[in-house]
Structures are given as structure tokens and as C-alpha cells.
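Only the coordinates and a few stated rules stand behind these numbers; no lab work does. Keep in mind the model is a prediction, meaning the values are calculated, not measured. Neighbour counts run over all protein chains shown; Cβ positions are idealised from the backbone, glycine included.
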Amino acid sequence: MVHIITTSTIDTLRKHIPESRIEPRRFRPNIIIHVPDAEGFIENEWVGKVLTIGGHVQLKILQPTQRCVMTTLAQGDLPKDSNVLKSIVKNNAGSFGVYASVVKNSENRTGDSIHIH
């Protein structure tokens, strides 16, 4: 399984709980996709679709990633914060990001184009 989140999802959670430190490492994703013009938990719309990265890697989006108490625990310099999970449950039914399976494996690089179909 590959865990994918977007900058849109990160930014949306930050807006819901501005007092919290929402950083990607709290969620341990394999891939972070930069989507500067999107708003909201956009990965939810990708379930059932195929994500192509750089024209070679293909990932089938299987399901939303249901979050657990691990997101609230202290990690390095990130403090323990129960508001993280509470806000994810309240604002997105407990999901943050999506899980995908590998359809076609290849190398990918930062800056590769991404298409959803």
C-alpha cells in the first residue's frame, strides 16, 4: 500500500485547527502531491481512479486512509495533540489521504507530472 496526501488536505486541516502544528510527517505519507489551486480533502474524489506519475508509475487509488490515535502522538519536536484526530473525524469522517496499490512500478522524481484518470 502507498499512502498519498496532498498539500490541499494539509492546508485544509491547518485552517480547521490553526493552533495545531499540522506537518506531513505526522501522517507518514509515502507521497505528497502539491496541488496549489485546490481546496479541501480532494483525495476523497480519487477513489477508484488511477494516478499516473511521470508517465510511467501508475497507482490505483483504493480507499480513504482512516486515521488513528498515532496522528495525535508526539513525534520528534511535534507535540502530542488530540485536536488533530478530533478535527479529522469532525471534518472528513476520520480520513486523511488515500491508500493506493501499485499497478505499474518505475522511478519517479520530485516535479514529475501527475494525472488522475
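Please give the net charge around H3, taking every other residue with its beta carbon less than 11 angstrom from that of H3, where Lys and Arg add +1 and Asp and Glu add -1.
Working: positive: R28, R67; negative: E43.
Cβ neighbours under 11 Å give a net charge of +1.
Sorted by packing (mean other beta-carbon atoms within 10 Å per residue), highest first, where do 8-20, 67-79 land?
For the peptides 8-20, 67-79, the packing ranking is 8-20, 67-79.
Restricting things to alpha carbons, tell me how big the stretch 2-106 is in terms of Rg and Dmax, in Å.
Computed over the Cα atoms of the stretch 2-106, radius of gyration and Dmax are 13.8, 40 Å.
For a protection proxy built on the mean count of beta-carbon atoms within 10 angstrom, sort 106-114, 58-66 highest first, please.
Per-residue mean Cβ counts within 10 Å order the peptides as 58-66, 106-114.
Please report, to one decimal in angstroms, the Kirkwood hydrodynamic radius of the stretch 50-117 built from all distinct Cα-Cα pairs.
In the stretch 50-117 this quantity evaluates to 14.0 Å.
What residues have an amide H closer than 5 Å to that of I33, excluding those fewer than 5 places away on the same chain, when H is modeled at 1.01 Å from N in the peptide plane?
For I33, whose amide H was placed from the backbone, the distant partners under 5 Å are I5, T6, T7.
Give the Cα extents of the stretch 34-76 along the principal axes, in whole Å, largest first.
Over the stretch 34-76, Cα extents along the principal axes are 38, 24, 21 Å.
Cα to Cα, under 19 Å, and not fewer than 8 places away if on the same chain: which aspartates and glutamates meet these conditions relative to K60?
E43, E45, E107, D112
Tell me, what ³J(HN,Hα) does each residue in the stretch 86-100 have, in order and in whole Hz, if you take phi through Karplus 6.51 cos²θ - 1.76 cosθ + 1.60 with θ = phi - 60° and put x for Gly and Pro?
These are the phi-based 3J(HN,Hα) values: 4, 5, 4, 5, 5, 9, 8, 6, x, 9, 8, x, 9, 9, 9 Hz.
Specify the angular offset, from 0 to 90 degrees and rounded to the nearest 10, of the alpha carbon long axis of helix 7-16 from the longest principal axis of the alpha carbons in the chain.
Taking Cα atoms only, the helix is inclined about 20 degrees.
Listed here are the pairs K80/K104; K15/K104; K49/K90; which of them are more than 32 Å apart at the Cα?
From the list (K80/K104; K15/K104; K49/K90), the Cα-Cα distance tops 32 Å for K80/K104; K15/K104.
Along the positive direction of the dipole of the chain (beta-carbon charges: Lys, Arg +1; Asp, Glu -1; about the Cα centre), which of A74, H3, I53 reaches farthest?
A74
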